[in-house]
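Scroll down for the structure; my scribbles are underneath it.
Derivation of every value follows stated rules applied to the coordinates shown; laboratory data play no part. Model, not experiment: these values are computed from the prediction. For neighbour counting, all protein chains shown are included, and Cβ atoms are generated from backbone atoms with ideal geometry for every residue, glycine included.
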Amino acid sequence: MSNPHELVPFDTDILVDTLHEPVLALDAQLRVRKANGAFYRAFQLTPDETVGQRIHDLCDRQWCSPALQRILEDILAHRTDYQAVEIEHDFPRIGRKTVILNARRLSSGNNLTDHVILALEDITERRRSRHFAFSHDLFCVATLDGYFVDVNPAFERVLGYTRADLLAKPFYEFIHPDDRDKTAMVVSQLGRGNDLAHFQNRYRCKDGTYRSFDWTCPAPQADERYLYSAARDITELLEVEKDRKRLHSELARSNADLEQFAYVASHDLQEPLRAVSGCVQIIQRRFLGQLDANADELICHTVEGATRMQTLINDLLEYSRVSRRGGEFKKIDLSSALDEALKSLETSLRETKAVLTRDPLPRIAVDRGQMIRLFQNLLGNALKFHGPARPTIHVGAHREGEAWCISIRDNGIGIASEYFDRIFALFQRLHTRKEYPGTGIGLAICKKIVERHGGRIFVESEPDVGTTFSFTIPDTEPGS
Amino acid sequence: MRDKFHKPIEILLVEDSPTDALLAKEALIVSKINNTLHIVTDGVEALSYLRRQGDYHNTPRPDLILLDLNLPKKDGREVLAEIKNDEQLKRIPVVVLTTSEEQKDVFESYGHHANCYIVKPVDFEKFARVIKEIEGFWFSIVTLPQEC
């Protein structure tokens, strides 16, 4: 009788051959002693290129993944077995696979050879089919002539039909009649090998309602007979989008209404106001000083009230014109708008002995007239609300992401932070008309101009120190 | 140049608002312009006046027309076009005097050969000044063709 230990290799070979799973038997140097048929089939290798090779060297060292190598080394050094370790690897010839690994060291005692038995179960398909089964997205396999070959449970869930229902008829019958031609065109495109990133159509549910799907459909590869497509149910998304669009257009309409109202109100109010103020001015001309003191006072108050109302209405008209009569956006040198604004402020610049410094300003696409108005208002404020010191104003410009930020910094009386929001509202004032004249329209107009350009305006200020008004104007060309 | 000290300037005001007409009258008084002001309140009447039709067969030919744009029956734009297409009338200076600041109106008015376009100031004092300027310009500065 031979030594029982010598039976070990024999047993291993038999064992390996009997298994249906791919199995390898390795020696202590990790050379392949034996591989079974399942292994050769699964990994598309031949015995000639396998047996006797170190496992690391298979297929020009590309077969063994670093994870597998670590496991094998570990097994030899320390452990006796590994159960169900999942590895993923790009195997030569068969591509990316997920494999479950069982490894066991067989020691044959009395310093005889160690063996490692390695069982490799390819679970790639199983994994995919689990994704197929549990995805919320809809997966299908279909023929080019219009039948489903397979659909995943999400399909059944969303449409309410069973898999058998769906496979029984051409899929076109489930598609909204208006979308059938479009879908047929897509299928014929795919049949000709053209990938289509996305397209949308509607499917009829069992309850008669429709769901909108967004499809991802790669063209079948040369050796594929079927279309493999994935769809996402975007019905709710489209509804939300529709709501958003509706709200947006409602908002736009209500804004337009409001603007129309401001315009009509201010425009039409001018007519009766002209009558009142005209007549009262004539009365003032003819009768002031000819009646009594009381009458004179009344006349003066009436004239003043009418004049103020004129100013308010004019301001309101100007405000409503920012969007009503805005000009085209053209690329201009912003410096030229600043120059123009400074020209109109010449007198107050001279009277206040203001010192003005400025950064070079960019070339950007703007409504030139409105930029002049914007500078006029902001610089006008800087001059108007100056402190005891000589007004010092700096016009700065810097890049802020995809926009330019222009700032006007002064050393004036400043604004307390609790008023920062209020100052941009229509007809909001922080001072009496006696202290500082004006209706409180200037910054509201500035805000509207800046917003029409897609930018924003903001203020930083400290009382008695100074104020900086900044506004941004989007500009996607960073080079300018 | 006309003999402005003796012969009053004949002005035709086409204006539907009685208040605006009153203000214009006042402004002419304030400006101390020697004038005769004739007022008609719609476009049809304006053309009858100018063509001396019906009740107007005896009216003098105006030296200047102050024309509002928004008028009942026939509006100022049409009146302007008819005046400027009329061989007899087209040489009379027409000043469009309106509340409209619409570019479209300005553009169209000059297109119909308005002699000038003025937006009525809301403030009466300014309005009076404008009237005075109109008079000064058309009757002291420019040379007009002799009436035939």
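Listed by chain and number, the lysines whose C-alpha is less than 17 Å from the C-alpha of B:Lys32, apart from same-chain residues fewer than 8 away, are B:Lys4, B:Lys7, B:Lys126, B:Lys132.
Remark: C-alpha extents of region A:395-446 on the principal axes read 41, 23, 20 Å, sorted largest to smallest.
Checking every one of the GluC sites (Glu not before Pro) in region A:352-427 against DSSP loop status and a limit of 11 other Cβ atoms within 10 Å picks out A:Glu402. Name the shape class, rounded, prolate or oblate, that the alpha-carbon gyration tensor gives for the protein assembly as shown, where a ≥ b ≥ c are the square roots of its eigenvalues, rounded holds for a/c under 1.5, and otherwise prolate holds if a/b is larger than b/c and oblate otherwise. Judged from the Cα gyration tensor, the protein assembly as shown comes out prolate (a/c at least 1.5, a/b above b/c). Within the straight-line cut-off of under 29 Å between alpha carbons, the lysines reachable from A:Lys169 are A:Lys182, A:Lys206, sequence neighbours fewer than 8 places apart in one chain being disregarded. The Kirkwood hydrodynamic radius of region A:329-386, based on inverse pair distances between different Cα atoms, is 11.8 Å.
Divided by 2.2 N^0.38 Å, where N counts the residues, the Cα radius of gyration of region A:91-225 comes to 1.55. Tell me, what is the percent relative contact order of chain B, built from C-alpha pairs under 8 Å that lie six or more residues apart? Rounded, it is 25 percent for chain B. Given a cut-off of 26 Å, name the pairs among B:Lys25/B:Lys104; B:Lys73/B:Lys120; A:Lys384/B:Lys104; A:Lys343/A:Lys448 whose C-alpha atoms lie farther apart than that in the structure shown. Flagged as over cut-off: B:Lys25/B:Lys104; A:Lys384/B:Lys104. Annotation for region A:189-262: GluC sites (Glu not before Pro) lying in DSSP loop with at most 16 further Cβ atoms inside 10 Å of their Cβ are A:Glu224.
Of the GluC sites (Glu not before Pro) found in region B:63-148, the ones in coil according to DSSP and having at most 11 other Cβ atoms within 10 Å of their Cβ are B:Glu87, B:Glu147. The HN-Hα couplings worked out from phi for region A:443-457 by the Karplus form 6.51 cos²θ - 1.76 cosθ + 1.60 (θ = phi - 60°) are 6, 5, 5, 4, 4, 5, 5, 4, 5, 5, 8, x, x, 9, 10 Hz, whole numbers, x standing for Gly and Pro.
Rounded, prolate or oblate: which fits chain B, taking a ≥ b ≥ c as square roots of the Cα gyration tensor eigenvalues, rounded meaning a/c under 1.5, else prolate when a/b beats b/c? It comes out rounded by the Cα gyration axes.
Zone of A:Arg363 (label point 7 Å along Cα→Cβ, backbone N under 18 Å): which residues in region A:322-342? Only A:329-339 pass the distance filter. Shielding value for B:20-32 is 2, the average number of Cβ atoms from other chains within 10 Å of each residue's Cβ. Listed by chain and number, the lysines whose C-alpha is less than 29 Å from the C-alpha of A:Lys97, apart from same-chain residues fewer than 8 away, are A:Lys34.
Using a cutoff of 8 angstrom between alpha carbon atoms and counting only pairs six or more residues apart, the relative contact order for region A:51-100 works out to 26 percent. Tell me whether region A:434-480 comes out rounded, prolate or oblate; compute the Cα gyration tensor, take square roots of the eigenvalues as a ≥ b ≥ c, and use a/c under 1.5 as the rounded threshold. Taking the square roots of the gyration eigenvalues as a ≥ b ≥ c, region A:434-480 is oblate. Charges were assigned to the Cβ only: +1 to each Lys and Arg, -1 to each Asp and Glu. The resulting dipole of region A:22-174 about its Cα centre is roughly 320 debye. Dividing the mean sequence gap of close Cα pairs (under 8 Å, 6+ apart) by how many residues region A:315-451 holds gives a relative contact order of 27 percent. Of the two radii for region A:134-188, the radius of gyration is 0.96 times the Kirkwood radius, both from the alpha carbons; that is the Rg over Rh value.
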